[in-house]
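The values are calculated or read from the model by the stated rules, or taken from the named source; none is laboratory data. Just so it is clear, the structure is predicted and the values come from calculations on it, not from any experiment. Cβ placement follows ideal geometry from the backbone for every residue including glycine, while neighbour counts extend to all protein chains displayed.
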Amino acid sequence: MSDFSVIAASRTQKWVAGTLVVGYAVITLLPLLWIIATGFKSPSDAIAYPPKIFFEPTLEGYVNLFTTRTRQTAEFLAANPPQTWYEEIVRKYDMVIAGPSRFGGRFMNSVIIGFVSTFLSVFLGTLAAYAFSRFRIPLKDDLMFFILSTRMMPPIAVAIPIFLMFRALGLSDTHAGMIMLYTAVNLSLAVWLLKGFIDEIPREYEEAALIDGYTRFQAFYKVVLPQAATGIASTAIFCLIFAWNEYAFAVLLTSGTAQTAPPFIPTIIGVGGQDWPAVAAGATIFLLPVVVFTILLRKHLLRGITFGAVRK
Amino acid sequence: MAQIRIESLRKDFGAFTAVQASTFTIEDGEFFMLLGPSGCGKTTTLRMMAGLELPTSGEIYIDGEEVGGRRASQRDIAFVFQMFALYPHMNVRANIGYPLRSQGLSRAKTREKVEEIARLLGISDILDKPVGGLSGGDRQRVALGRAIVREPKAFFMDEPLGALDAEFREHMAEELRALHDRMGATTVYVTHDQLEAMQMGDKIVVMNHGVVEQFGVPQDLYDWPATLFVAGFLGSPPMNVLHFDGTVEQGTETQVLDGTSFAVPTTREGATGRIALGVRPEHVHLETDAGLRAKVVATEYLGTTQIVTLRTDHGEVKARIPSHQRVTEGETTGLRFDARKITLFDAETTRALRSAGNEGVLAHG
């Protein structure tokens, strides 16, 4: 090989590119690492100044996250020795575990609302996108624009009307209400993304299936859906990330039964101040499902973003 | 196997008329070509016959039954697409067997049938491969396999060789024709390639701007074009057309052009005004003392023959003459036309004037 090549990067270029990528990764991941690390610190380490990089890890934050605790007298503590490892942890503060915290329920709320609304957005979005892509619909372009226009204002601008609507309809603090809201917000994104994907699938596949003796619906789910899998997966990721992370509406519209994890986590109060390790532990656990979901579908995500960029 | 009849078929897309008032009949077992330039409505016609497009008006009969409003799946036809449209998420076996599965045929029977078809097409060795990595020819064969496995009443093919490279196209054309001859199924084939149409077709319909220009066996269309469009579309190089102002007498055997009289097939109708005289390049002969003068502009050597381009007062003329005949560029010579092979057109309507030569052909076009 010669010293100069058009396609192969030179040594210096590789170094520069590598440094930039690693640097960017460190900058974005550092807060994340800090949260994960804080989750394993003791309350005093968490607020120590200067901040501690090396510390003795403890599961205190996680125990506090999942439990409620009460202070007990020395006699009571002496009479009831700790049965489990997590009881032992709270004994350091002369406390006993009184029961589970509300975190588990809130987390389940997030799971239910996030995944059901994602499923609905993608399900309805796929059907709508297919219709927009394949059929002659009167005012098609205008309808597509109307759908897009729902995303043109910041969602929080309609917070008050939605709050009043939800109160009038009895949807405040219900799973159904939150699922509907997130589905409504995500649907426009889903329709637009999926229409792009379905437009890319040649009609001939369905027409072949129609002629081969299948109905339009059979052709849709046997031939079009497998082809659109990539698009559906990446759309699902985008919808889930939004519904999962949404904070503003969740604070406004939920308080108990249907409260999701994002508004709950900051309210975790410890004894004598904010229990930062518990908050950090909650944030860490909260991150996991989206991380796992994204890793599982990452191939599709990558293809999804570049899909349609090149005309064949 | 079926006869297919198209009557006054019309298709509008909004304000655009893709097909207007098409009428023709495809006989049982025919290899039928729909020929025309792109945008002429041939594919739309085929898609209406297949049930992929609804006609705006008119009727389509398959085996005497009107099917214009029926679903594609109920017409018992097979369609081969230009891009083959093999299901990308299935392997070859599943692709070929797919139409059978929709009919509820058992797994074992499907398997048997698919293997039989694969043997017929010589693709037994690729049955379990995914369709993604197949060569163009193999894709074509799989698409054909998927079409013939169900033994439909008719095959519709939309430029099935268009995606193949030139060299292989020839081979596949022969294979297709042989397959058709063996199965004897009615086949409707859309193409824009006039050579392909003449080479493979039993009958050809030539369409332009949504209108059927002419319909008949290839040689009739080639020898006796019904319109100036067909004259110019068939043949390579196409028919020469000399334009002039004049009068064509009814019942005459000669036509005068620039004081030179040409023998023509006895005319059955007359015309006055803009006239066009059409003659195939192979019916043009260079003779030094012939009346119509022409200057040699270019020569193209093609092995056994050569194409000589000449300029006359009435337009350019190409002559196909034996390559041993010496012609030099720039020389002036005379042209003689084969009397029996001349078609006169009314240049205003672009229609051919009836004569003793073409009246039999035009009668059913």
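Let me confirm something: among A:L181, A:L171, which residue is among the hydrophobic types (A, V, I, L, M, F, W, C), part of a loop (DSSP other than H, G, I, E, B) and more than 14 Å from chain B (Cβ to nearest Cβ)?
The match here is A:L171.
Looking at segment B:95-104 only, could you name the residues that are within 15 Å of A:Q218 (Cβ to Cβ) and more than 8 Å from chain A (Cβ to nearest Cβ)? Before the answer, list the steps.
Restricting attention to segment B:95-104, the residues satisfying the condition of being within 15 Å of A:Q218 (Cβ to Cβ) are B:98-104.
Answer for segment B:95-104, where residues must be within 15 Å of A:Q218 (Cβ to Cβ) and more than 8 Å from chain A (Cβ to nearest Cβ): B:L100, B:R101, B:G104.
Any residue in segment B:85-106 that is among the polar types (S, T, N, Q), within 16 Å of B:R146 (Cβ to Cβ) and in contact with a strand residue (DSSP E or B) (Cβ under 6 Å, 6 or more places away or on another chain)?
yes
Report, by residue number, each residue of segment B:154-177 that is surrounded by 19 or more Cβ atoms within 10 Å (Cβ to Cβ) and within 14 Å of another protein chain (Cβ to nearest Cβ).
B:A154, B:F155, B:F156, B:M157, B:D158, B:E159, B:P160
Of all the strands (runs of 3 or more DSSP E) wholly in segment B:146-265, which have at least 2 residues that are among the aromatic types (F, W, Y)?
Working: elements: B:154-158, B:186-191, B:203-208, B:211-216, B:240-248, B:254-257, B:260-263.
Filter on segment B:146-265 gives B:154-158.
Kindly check whether there is at least one residue in segment B:280-288 that is within 26 Å of the chain's Cα centre (by Cα), touching a residue at least 60 places away in the same chain (Cβ under 8 Å), at positive phi and crowded, with 16+ Cβ neighbours inside 10 Å.
No, segment B:280-288 has no match at all.
Looking only at segment B:87-104, filter to residues that are part of a helix (DSSP H, G or I) and of a type in the set (S, T, N, Q); which one of those is farthest from the chain's Cα centre (by Cα)?
Among residues in segment B:87-104 that are part of a helix (DSSP H, G or I) and of a type in the set (S, T, N, Q), the one farthest from the chain's Cα centre (by Cα) is B:S102.
Within the bounds of segment A:193-216, is there any residue that is under 19 Å from the mean Cα position of the chain (by Cα), away from chain B (no Cβ under 14 Å) and part of a helix (DSSP H, G or I)? So that I can check it myself, show each step before the final result.
The initial filter retains those residues of segment A:193-216 that are under 19 Å from the mean Cα position of the chain (by Cα), namely A:193.
Those still in the list that are away from chain B (no Cβ under 14 Å) too: A:193.
Within this subset, residues satisfying the condition of being part of a helix (DSSP H, G or I) are A:193.
For segment A:193-216, residues under 19 Å from the mean Cα position of the chain (by Cα), away from chain B (no Cβ under 14 Å) and part of a helix (DSSP H, G or I): present.
Residue under question is A:V96, and the condition is that it be in contact with a strand residue (DSSP E or B) (Cβ under 7 Å, 6 or more places away or on another chain) and on the phi < 0 side of the Ramachandran plot; does it hold?
yes
Name the residue that is farthest from A:L32 (Cα to Cα), counting only residues in segment A:278-312 that are modelled with pLDDT of 70 or more and exposed (fewer than 13 other Cβ atoms within 10 Å of the Cβ).
So, considering only residues that are modelled with pLDDT of 70 or more and exposed (fewer than 13 other Cβ atoms within 10 Å of the Cβ), the one farthest from A:L32 (Cα to Cα) is A:K299.
What residue, of A:A48, A:A9, A:A37, is modelled with pLDDT of 90 or more and small (G, A, S)?
Working: A:A48 fails: modelled with pLDDT of 90 or more; A:A9 fails: modelled with pLDDT of 90 or more.
None of the others qualify; the one that does is A:A37.
Give segment B:57-86 a look and list any residue that's touching a residue at least 24 places away in the same chain (Cβ under 8 Å), part of a loop (DSSP other than H, G, I, E, B) and within 13 Å of another protein chain (Cβ to nearest Cβ), or say none.
Hits for segment B:57-86 are B:R75, B:D76, B:F81, B:Q82, B:M83, B:F84, B:A85, B:L86.
Answer with yes or no whether A:Y214 is more than 26 Å from B:G14 (Cβ to Cβ), among the aromatic types (F, W, Y) and in the same structural domain as A:L253 (by TED's automatic domain parsing). Steps first, please.
Working: more than 26 Å from B:G14 (Cβ to Cβ): yes; among the aromatic types (F, W, Y): yes; in the same structural domain as A:L253 (by TED's automatic domain parsing): yes.
Answer is yes for this residue.
Within segment A:114-136, can one find any residue that is within 14 Å of another protein chain (Cβ to nearest Cβ), free of Cβ contacts under 8 Å to residues at least 12 places away in the same chain and surrounded by fewer than 16 Cβ atoms within 10 Å (Cβ to Cβ)?
So the first thing to find is which residues in segment A:114-136 are within 14 Å of another protein chain (Cβ to nearest Cβ), and the list is A:134-136.
Keeping just the survivors that are free of Cβ contacts under 8 Å to residues at least 12 places away in the same chain gives A:135-136.
Now restrict to residues that are surrounded by fewer than 16 Cβ atoms within 10 Å (Cβ to Cβ): A:135-136.
Looking through segment A:114-136, at least one residue is within 14 Å of another protein chain (Cβ to nearest Cβ), free of Cβ contacts under 8 Å to residues at least 12 places away in the same chain and surrounded by fewer than 16 Cβ atoms within 10 Å (Cβ to Cβ).
For A:V224, are the conditions met, namely being within 14 Å of another protein chain (Cβ to nearest Cβ), farther than 26 Å from A:V291 by Cβ, under 29 Å from the mean Cα position of the chain (by Cα) and surrounded by 19 or more Cβ atoms within 10 Å (Cβ to Cβ)?
For A:V224, the condition - within 14 Å of another protein chain (Cβ to nearest Cβ), farther than 26 Å from A:V291 by Cβ, under 29 Å from the mean Cα position of the chain (by Cα) and surrounded by 19 or more Cβ atoms within 10 Å (Cβ to Cβ) - is met.
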